[in-house]
Every structure is written in structure tokens, then in C-alpha cells.
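A.B. asks: I'd like to ask some things about the structure below.
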């Protein structure tokens, strides 16, 4: 519950002076992501606590090391939530890491991602300057959007110290219906459902079953369930399913080496919601109404990239496999140049999480 | 690589006419004239040349030529912007994208549209309507403004509390770098690996690149939408009831407030049946399935009553809904009828500060002897004070500008910002040093350098250079007390 930003700033300045690479760590829950971390540990977990929360303004500001569980507990007291449903990773995930890794759960296509909900950040750049961007209001177009730029940057641009987020009311009601069908049909059907003006809030297919969540006013949710005339999942089963999916705790995600998939590489596809990837779909989790797909298996990365490109998107090696090779989708030369220059504009000495995102950055 | 030999205007025209139809390379004073300003006509500058290329490869060639001779380039859509972001540079080229008006694809299955930058905002929803879809962000200028300009300014509108800003609704863009190289930011997926350059481009005011194609998300048209109008005796009660609605768990599709000046001007103009005696008026629209709308409308009416509304009216038909909105949507021209000129500001504040900010604004209004009408996107805290003035009275615009600057400083002091949706452009560049420190502005400048090392894309807009921001800090307009104490409550 402390503000240790001055200490963090001093550590950054010292590292800059010594040209010492820093490995920024919050709760350490996502150390499996990205490329292998190098450098001296910079622990942000001590920089913790909710700084400001105004339920009526729908805005919460917290220090980067604040655990998601703490934030979600405060929100729940006011019947509000982080609408992007981030994974808590056994309670270890912090809000800073969640933004840096751009982590959002099943509601993402309808409610938006953490990138969509961030309103402002404070961060320490590579010169040790503690800067503030964005704000605590819903709309702010003054200056470049440095806050959203942090989403998925994996700490390569600075040490995020504070984040302001838009929060939303919890839906009054939530129900889940299911259809049994194959992957190909499910992809088409999910897209059809999403085009209807109904209160969809999640849609995911796995192992022959399509799960669709409806959230909103009780009357709207009930009327839609009735209209769609399909099996409804019991509330506790439904809650458990979405929780396990969002928390990446379904057996599919299991990293436990005693299981069949024995720590096999886990690939994450971010693609066109209606695209088919015939060779993978039946063995995948198809979430986000078709836009996010998970596949587990030993595969050639370039082959996976070509599948992703034909599906209109990208793939990353989310966990497992060789973490010293590139794990993100390949970047065209022109975009590499721009990204390197942006990195240098924040971190001229390259001390923050070097090589974590790409070998070349 | 840039060369130092300067080209003459004629030489440059000749170069452009080598690959752009001659009538689309404008260099004569009379034809250049309409390009001297955007929607903020108080700021004017005649450009050297205007070009209207018709293909992406022509745009690339324009950029290559300008880059190699270090010539400023100001990209322009419909010119409806309100911050002088598209004001020309006297030594530079205006790159009009007005010929890029094609909707390339509406895909009903994926609920997306691929657009050229010159497509009008409203045209997207019109084209998508046959599939039961529409495009969410709806700036007031949507009949004329273009999607390219919307991306440049990260435009909002009355529906953005629920449906987001432009940045939330764009999936990908094709962008030309200052060197004329084409890159794609984003994809058909909802996120991409690496730095989120797409987030950076939205709202970058043409300072980082030139957008040549945009893919946006489309939303299903809600089954039903209804609006509740409520009049209040005082602004505080109206403000509190906005908080009450949010606290009840309803996110309205639109939630707008007007003060008494705006109410009576709008009513005289639109005859929407607004209560002219009210001190504040709220319009709260809820949309969704029929059942949801019914449930929420009842809650909203109850809430307005409990917060002391003096009149409540709920739309019973689509025609009535349109009429109630007509007053709000015509508020700007309506105010234009009661004053020779008006100046529209665009600050954002935490909603809880509304009553304080309005009373401060009233005080400033008395000090400057200028009337001010307020139109407010209450749901997301975005204020549009309209300062009424007469440009024919010598010195009155300068006074208006200073008053406007004070309003923006007030917004920052209560924890808000200097622009919610109109952008900085030239207009608010002075106030950037109020919202940001020198180090923060330097970081912005470094980002600009990463894209545009020579600084030729829309120079002088958006972010002050350090030298400039020092100048701005040293020019202090005459000091008046803006009651900083109130700010401490933020």
C-alpha cells in the first residue's frame, strides 16, 4: 500500500548510469510470456494501492503493483467491475502487468480490452523521468495516446507506475446458452449471432460445444434465452466455465507436465472472427466470437504465421516452446524501424526489458 | 534524404503535374482560398499549393517529393475540424484526400467496413443500414466530416460513453510514412503483436503519417431506442442525477446536458418542446432490446423524479425521439442565431466538478463581459462552452480567445483536460503546457521524431516544440483569480 515511485526512479537512474538492463516484475504471474527475461530484477509489486476510486465517475486509479484481486474487490463493493475480465493468475496478477501484457478475458469483443479501458498512465522513462499521460476522464485527445501504447509493450517503454481505468457496472443478469456443433459451423454461427441486436457478452467454442453468454437487463437476457430455444447451462456451471476460460485454467491451458499435452507450446491466434483455419480449428479453443483462438502443439512458427495471415491476423507463441527464439508474429522491416525508434524515444539506452518483446528491440 | 536546394512554387507544381491531373494541382490564389482554414475559421493561412491526388501511389509520390525537399505537408479531409488542425502551412502543401470517397467493402458477416479516408462518417452507417448495422462514433459534424479526419482527431460524439471513441472502433489502417512507405497497423483481429501503433495514430492530428485506408467495426442497430428529457431548476440537481443514473448501473447510449442559454436558443430554433424556464436540461437515451429499454426507461424516469426534475417527457415514437434530439443537435447553429459569432470550446472534467466549473465559468463570463452557453456530453464529462462574441468589434476575438484559454485551464485544474474530442491543432497548443510538463512535452516531441525526423508532417500543430512551450510559459495573460481552492476538492 505504498508509494515507492521515488525508489523506482532512483533504481532506473542507477541502471541507466551503469547501463544495466532491468527486468520489470510486478506479481511475476506472466513471466512465461514473451521472450526470456534478462537483466536485474526491478520489483514494482511494492508500489501498490488504489489511489483514487470514484464509482460515480466510473474511474479508478491504482498504482501499477496493485493486485487485480484488490481492485476487483473494491469495485465489487460498488457493484462494478473491470469489464475486460483480465486473468488474475491465482491472484498474482497486478494491474501494471495486465496492461503491459494487454490481457483481457472472454468479454473482450463486446466490452473492450484493457487497452480500450485505460484512460491514463504515469510511467518512468529510460531517462528516469516520472511522466504523466492521459488523465482520469473518459475523453482526452491532448497529446499522443501514450497510455494505450503501453498495452502489449511488455514494459519495453518504461516502468508503468500508475494507471487510471474506466470501470463499468456489473450487468444485472447473466445467462449462458449452448449449442452442440462442430468448429466450422460454430464460427459461422457466432458471427451471425453477433450481428443481431441482442445482449451478447461472450461466445466461445471448444470440444464440440458453443457457449454463448448473454448479459444485461434481466428482461432482455431472459427474453433472448427464450427466443433462441436452446439448452441453457445451469448458473453455477456457466459461471465456472467462463471463469476457468478467462483465468486460463481450463484443462486445455494446463501447463502441468503430467497431462497429455505435456507442456506443449501454446499458440494464440488473433484473427478475423469469421475465418476458418481448417487444420487447427477442431482442436482449438475458439473464443472472442471467433477472433481469438488457442492451439496447443509442436508446430513450425513460420507455418503458424502463414495460417494466421490467411486468417487475416497474427499468431504468437503464448507459452512453452523455445523462449529464446522470436515468439511474436514477424514484423515487416518498415514497422521494425518505427518501433525501434519509438523504443529509443522512451528508453534511449535500451535498459527496459531488452529483447523481451523481440530479439531486435 | 532531404536536400537543401529549395524548389520554387512553379517547379513544385510542375513536379506534381507530372503524375497528378493538372486541375488537381492548385496554385492560383482564388482556388487556394477555400483551403485557408478548417472549421475554426478564425485561424487562416494560405498554402503554397493544394494537391488532390486520386490514387495511393500518387499520395506516395507527393510524400516522397515533399520529404526529399523538406516541404511541410498538411493532410486534409473535409475540413470540418474545430482546432485549426488542418490549417495550411504557408510554405507547404495541403494534401487533400477529398478524392478518396469510396466505401471499399461492407462485410456483414464480420461486421466490418473497409473505407477510403474521405468517406463521410454518416455515409458508413447509411451504407451499413441494409445489413442492420451501423458505425458507432457520431460526431456532430457526421454529415460532412470524414473517417480519415475522425481517426486523426480520435473523434467521439453523443454515443461514445457506451460505444466508444474512434480508437475503440478502428481495427486497422493503412498508413503512409513521411517517406511515402506504406505500412498496415492492426489487422482483422482485435489486437496485434508489438507496440500498439494503431493506438498512437488515433488522435495524432496528422503529425505521424497519412492514412489511406481504414477498417472499422460495425455494430448491430439496436432494436429500440428511447429518450427521456428532464428539466431542472438548478444545474447541481441535473449534475447529481447524471451521477445517479451511472450509480444505478445503467450506461445510457447518450446523456446530454444543456444550460439555460442553450435551452432557450435551441428551443427557439428547433421548437422541440424544451422547457424554456429550466436552468438545466438533460436528454438521456437508452437503447437495446425492447424489454431492456422499457426496464431502463422506467428506472431513469424514477431517478429524474427523485432528483427533483421539474418536467419529464419520454419519447413515445421515433418521430418524437428525433424531435427531442433535434434541439440538441442544432444547439450550435441555434446559438449562432443569438450572436454574430460563437467560439466552441472542448474541455473534459470529472462529472462531479460540473457545478463548480459552471459557476466559475459564469464568473469569468462576467469578468470578460461575454456570454457563454453550455452544451455538455454529461455522460463522459465533455464540456462544450460556446462563447458568444462579435468579431467585428475590435479586440473582441482576442478577449474571447483568452476567456476560452481560461476555461481550459480551469478544466485542467479540476483534474480534467484541455480537449475531449476536437483536438489541439493550433488552437490549444498554448494550453498543452498547462496540462503537461516540459518533460512530458519533450517525450511527445521524441515520439514525433520517431515517425517524422524532419518535422514536416503538419508542423506547428498538436504538440508544442520545447522552444515554443518556453515561450508560451513566459507569455502570461493578465492574471485573474480562478479560485484554485475549488480545484482542491477534485
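A.B. asks: For the condition within 14 Å of chain A (Cβ to nearest Cβ), under 18 Å from residue B:378 (Cβ atoms) and modelled with pLDDT of 95 or more, what is the one hit in B:252, B:275? Outline the logic, then answer.
C.D. replies: Details: B:275 fails: within 14 Å of chain A (Cβ to nearest Cβ).
Criteria check complete, one pass: B:252.
A.B. asks: State yes or no: is residue B:106 closer than 25 Å to residue B:133 by Cβ and within 14 Å of another protein chain (Cβ to nearest Cβ)? Outline the logic, then answer.
C.D. replies: Values: closer than 25 Å to residue B:133 by Cβ: yes; within 14 Å of another protein chain (Cβ to nearest Cβ): yes.
Yes, satisfied.
A.B. asks: With the condition being within 14 Å of another protein chain (Cβ to nearest Cβ) and either within 30 Å of residue B:154 (Cα to Cα) or in contact with a strand residue (DSSP E or B) (Cβ under 9 Å, 6 or more places away or on another chain) (or both), I'd like the helices (runs of 4 or more DSSP H) fully within region B:283-391 carrying at least 1 qualifying residues.
C.D. replies: On the way: elements: B:290-306, B:318-329, B:331-337, B:354-368.
Passing ranges, in order: B:290-306, B:354-368.
A.B. asks: Still on this structure, please answer the following. Tally the residues that are crowded, with 18+ Cβ neighbours inside 10 Å and under 19 Å from residue B:88 (Cα atoms), restricting the search to region B:46-60.
C.D. replies: First, pick out the residues of region B:46-60 that are crowded, with 18+ Cβ neighbours inside 10 Å: B:47-53, B:58-60.
Those left that are additionally under 19 Å from residue B:88 (Cα atoms): B:47-53, B:59.
Counting residues in region B:46-60 that are crowded, with 18+ Cβ neighbours inside 10 Å and under 19 Å from residue B:88 (Cα atoms) gives 8.
A.B. asks: Can you report the number of residues in region A:328-354 which are in contact with a helix residue (DSSP H, G or I) (Cβ under 8 Å, 6 or more places away or on another chain) and in a loop (DSSP other than H, G, I, E, B)?
C.D. replies: 6
A.B. asks: Of the residues that sit in region B:413-426 and are more than 14 Å from residue A:143 (Cα to Cα) and in contact with a helix residue (DSSP H, G or I) (Cβ under 6 Å, 6 or more places away or on another chain), which one is farthest from the other protein chains (Cβ to nearest Cβ)?
C.D. replies: Top of the filtered list is B:413.
A.B. asks: Return a yes/no flag: does region B:25-32 have any residue that is modelled with pLDDT of 95 or more, under 17 Å from residue B:212 (Cβ atoms) and either within 14 Å of chain A (Cβ to nearest Cβ) or crowded, with 16+ Cβ neighbours inside 10 Å (or both). If you could, list the steps in order and put the result at the bottom.
C.D. replies: Initial filter on region B:25-32 (modelled with pLDDT of 95 or more): B:25-32.
Those left that are additionally under 17 Å from residue B:212 (Cβ atoms): none.
No, because not a single residue in region B:25-32 is modelled with pLDDT of 95 or more, under 17 Å from residue B:212 (Cβ atoms) and either within 14 Å of chain A (Cβ to nearest Cβ) or crowded, with 16+ Cβ neighbours inside 10 Å (or both).
A.B. asks: Among the residues of region B:455-467, write down those that are within 24 Å of the chain's Cα centre (by Cα) and more than 10 Å from every other protein chain (Cβ to nearest Cβ). Show your work before the answer.
C.D. replies: Of region B:455-467, the ones within 24 Å of the chain's Cα centre (by Cα) are B:455-465.
B:455, B:456, B:457, B:458, B:459, B:460, B:461, B:464, B:465 - these are the residues of region B:455-467 that are within 24 Å of the chain's Cα centre (by Cα) and more than 10 Å from every other protein chain (Cβ to nearest Cβ).
A.B. asks: Out of the residues in region A:194-209 that are more than 10 Å from chain B (Cβ to nearest Cβ) and over 22 Å from the mean Cα position of the chain (by Cα), state the one that is farthest from residue B:224 (Cα to Cα). Break it down stepwise before answering.
C.D. replies: Taking region A:194-209 first, the residues more than 10 Å from chain B (Cβ to nearest Cβ) are A:201-209.
With the extra rule that they be over 22 Å from the mean Cα position of the chain (by Cα), the set shrinks to A:207-209.
Working: A:207: 36, A:208: 34, A:209: 31 Å.
Among residues in region A:194-209 that are more than 10 Å from chain B (Cβ to nearest Cβ) and over 22 Å from the mean Cα position of the chain (by Cα), the one farthest from residue B:224 (Cα to Cα) is A:207.
A.B. asks: Answer with yes or no whether residue A:184 is surrounded by fewer than 21 Cβ atoms within 10 Å (Cβ to Cβ), over 28 Å from residue B:294 (Cβ atoms) and in contact with a helix residue (DSSP H, G or I) (Cβ under 7 Å, 6 or more places away or on another chain).
C.D. replies: Numbers: surrounded by fewer than 21 Cβ atoms within 10 Å (Cβ to Cβ): yes; over 28 Å from residue B:294 (Cβ atoms): yes; in contact with a helix residue (DSSP H, G or I) (Cβ under 7 Å, 6 or more places away or on another chain): yes.
Judged against the criteria, residue A:184 is a match.
A.B. asks: Being surrounded by fewer than 24 Cβ atoms within 10 Å (Cβ to Cβ), within 20 Å of residue B:453 (Cα to Cα) and more than 7 Å from chain A (Cβ to nearest Cβ) narrows it down to one of B:198, B:176, B:208, so name that one. Explain how you work it out, then say what you get.
C.D. replies: Numbers: B:198 fails: surrounded by fewer than 24 Cβ atoms within 10 Å (Cβ to Cβ); B:208 fails: surrounded by fewer than 24 Cβ atoms within 10 Å (Cβ to Cβ).
Exactly one residue qualifies, and that residue is B:176.
Conditions (1) outside the structural domain of residue B:207 (by TED's automatic domain parsing); (2) within 19 Å of the chain's Cα centre (by Cα); (3) at pLDDT 95 or above; (4) part of a loop (DSSP other than H, G, I, E, B), marked per residue:
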position: B:20; (1), (2), (3), (4): yes, no, yes, yes
position: B:41; (1), (2), (3), (4): yes, yes, no, yes
position: B:58; (1), (2), (3), (4): yes, no, yes, no
position: B:62; (1), (2), (3), (4): yes, no, yes, no
position: B:65; (1), (2), (3), (4): yes, no, yes, no
position: B:75; (1), (2), (3), (4): yes, yes, yes, no
position: B:82; (1), (2), (3), (4): yes, yes, no, yes
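A.B. asks: Would you be able to say whether some residue in region B:439-454 is surrounded by 23 or more Cβ atoms within 10 Å (Cβ to Cβ), within 30 Å of residue B:372 (Cα to Cα) and either in contact with a strand residue (DSSP E or B) (Cβ under 7 Å, 6 or more places away or on another chain) or within 13 Å of chain A (Cβ to nearest Cβ) (or both)?
C.D. replies: For region B:439-454, residues surrounded by 23 or more Cβ atoms within 10 Å (Cβ to Cβ), within 30 Å of residue B:372 (Cα to Cα) and either in contact with a strand residue (DSSP E or B) (Cβ under 7 Å, 6 or more places away or on another chain) or within 13 Å of chain A (Cβ to nearest Cβ) (or both): absent.
So that you can scan it fast, the table gives a plain yes or no per residue for (1) farther than 27 Å from residue B:329 by Cβ; (2) in contact with a strand residue (DSSP E or B) (Cβ under 9 Å, 6 or more places away or on another chain); (3) surrounded by 21 or more Cβ atoms within 10 Å (Cβ to Cβ):
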| site | (1), (2), (3) |
| --- | --- |
| B:62 | yes, yes, yes |
| B:70 | yes, no, no |
| B:85 | no, yes, yes |
| B:91 | yes, no, no |
| B:103 | no, yes, no |
| B:115 | no, yes, yes |
| B:121 | no, yes, yes |
| B:129 | no, no, no |
| B:146 | no, yes, yes |
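A.B. asks: Could I ask something else about it? Restricting the search to region A:123-154, which residues are assigned to a loop (DSSP other than H, G, I, E, B), at pLDDT 95 or above and either under 21 Å from the mean Cα position of the chain (by Cα) or more than 7 Å from every other protein chain (Cβ to nearest Cβ) (or both)?
C.D. replies: A:126, A:127, A:128, A:145, A:150, A:151, A:152, A:153, A:154
The values are calculated or read from the model by the stated rules, or taken from the named source; none is laboratory data. The structure presented is a predicted model; accordingly, all values stated were derived computationally and were not measured. We place every Cβ from the backbone using ideal geometry, glycine too, and count neighbours over all the protein chains shown.
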